[in-house]
Each structure stands twice: as C-alpha cells, then as structure tokens.
Amino acid sequence: MSTTTRKVVLGETINLEIDIRDANDTKVDADSTPEVTIIDPLDNIVRTASTSGVTRLSTGRYRLSYTLSSSARTGIYIDRWRASVGGFTTTAN
C-alpha cells in the first residue's frame, strides 16, 4: 500500500488516498473497505479505526475526506490505513 504526504491548513479538508497493490505491483481491491485511523503529532488517536467515509475511487484506490479542526495541533498527523487482500491484513502510514 502507498500513501502521500501533504501540507494542510488548519480547518481545511484533505483528501487522504491509498493505493493497494499486489505482489506484482498491480492495483487490487481490498477484501472489504479499508479502515483509517488518524493520529495527531502527540500520538493521540483523533479518529479511531473506521471505514466510515472511505470510498472506493477505482480498482485498488480508496479515499477519505478528512477535515482538520481549526483548533487542532500543528505538526505531522499520521493516517494509518488497514486493509485485507486475499485474507492477508496489512497497514500503511
């Protein structure tokens, strides 16, 4: 799985996306909708693992639109994705 790092202004919405690929680097769908957890700069979980809001854009590509509170801490946030493919579960940040 792969994700991208971006800079976001507090209060803005960011589209978090992930590509899921098999061993041959071919995009494949997850067995079910991937879960996303969001962790703030102090390692606090600000979104517990959930499939809520996650949409499939195309084969192997999923998106979550997430709005960062205008009072959120500044710093690096982690979007941790968890997905299963062929019964094997993996995570990616």
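Odds and ends about this structure:
- Loop-located GluC sites (Glu not before Pro) in the stretch 1-91 whose Cβ has at most 11 other Cβ within 10 Å (DSSP): 12
- Net lengthening on full extension, residue 48/residue 7 (0.36 nm per residue, minus Cα-Cα): 12.6 nm
- Long-range tail of P(r) for the stretch 2-93 (Cα pairs > 22 Å, %): 26 percent
- Think of the chain as having a plus end and a minus end, set by charges on the Cβ of Lys, Arg, Asp and Glu; of 66, 92, 28, 66 sits farthest toward the positive end of this dipole.
Where a number appears in this text, it was derived from the coordinates with a stated rule and is not lab data. Predicted, not measured: the structure shown is a model, and the values here were computed from it. No Cβ is skipped: glycine too gets one built from the backbone with ideal geometry, and neighbour counts run over all protein chains shown.
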